[in-house]
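> Pasting in a structure now, in C-alpha cells, and then I'll have a few things to ask.
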Amino acid sequence: MEPEERKKHTMLQMVNTVRNDKLRIQREKQKERTAKLQKKRAAVEAFFKPHHNEERKRKFATESKEQVRRAEKLSRTGGGKRGD
C-alpha cells in the first residue's frame, strides 16, 4: 500500500475502534438499566401479589355465585324456552 492509503486505512480503523467501544459501553449501560428495572418490577410484584390474589379470589367467588344463581333460575323457569 502507498503511505497515503496506509494513513487512511489506519484512520478508519481508529474511527471504527472508537465507535465499537461506544457501542459496547452503551450495551453495558442498557443491560444495567434493564436489570435494575427488572429488580424494581419484581419488588413491586411481590408487594402487590397478596392483594391481587385476594382480588382474584373475590372475583371468582362472585362469578361462581352468579353461575349458581343463573342455573337455579333456569331450572325454576324450565329452561327459558316455551314449547308451544
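> Taking the criterion of being surrounded by 10 or more Cβ atoms within 10 Å (Cβ to Cβ) and part of a helix (DSSP H, G or I), would at least one residue in segment 75-83 satisfy it? Walk me through it before giving the result.
Step one: list which residues in segment 75-83 are surrounded by 10 or more Cβ atoms within 10 Å (Cβ to Cβ), which gives none.
No, segment 75-83 contains no residue that is surrounded by 10 or more Cβ atoms within 10 Å (Cβ to Cβ) and part of a helix (DSSP H, G or I).
> Mind listing whichever residues of segment 34-48 are more than 15 Å from the chain's Cα centre (by Cα) and surrounded by 10 or more Cβ atoms within 10 Å (Cβ to Cβ)?
The one that is more than 15 Å from the chain's Cα centre (by Cα) and surrounded by 10 or more Cβ atoms within 10 Å (Cβ to Cβ): Phe48.
Coordinate-derived values only; no laboratory data. Since we're looking at a predicted model, the values are computed, not measured. Backbone-built Cβ (ideal geometry, glycine too); neighbour counts: all protein chains shown.
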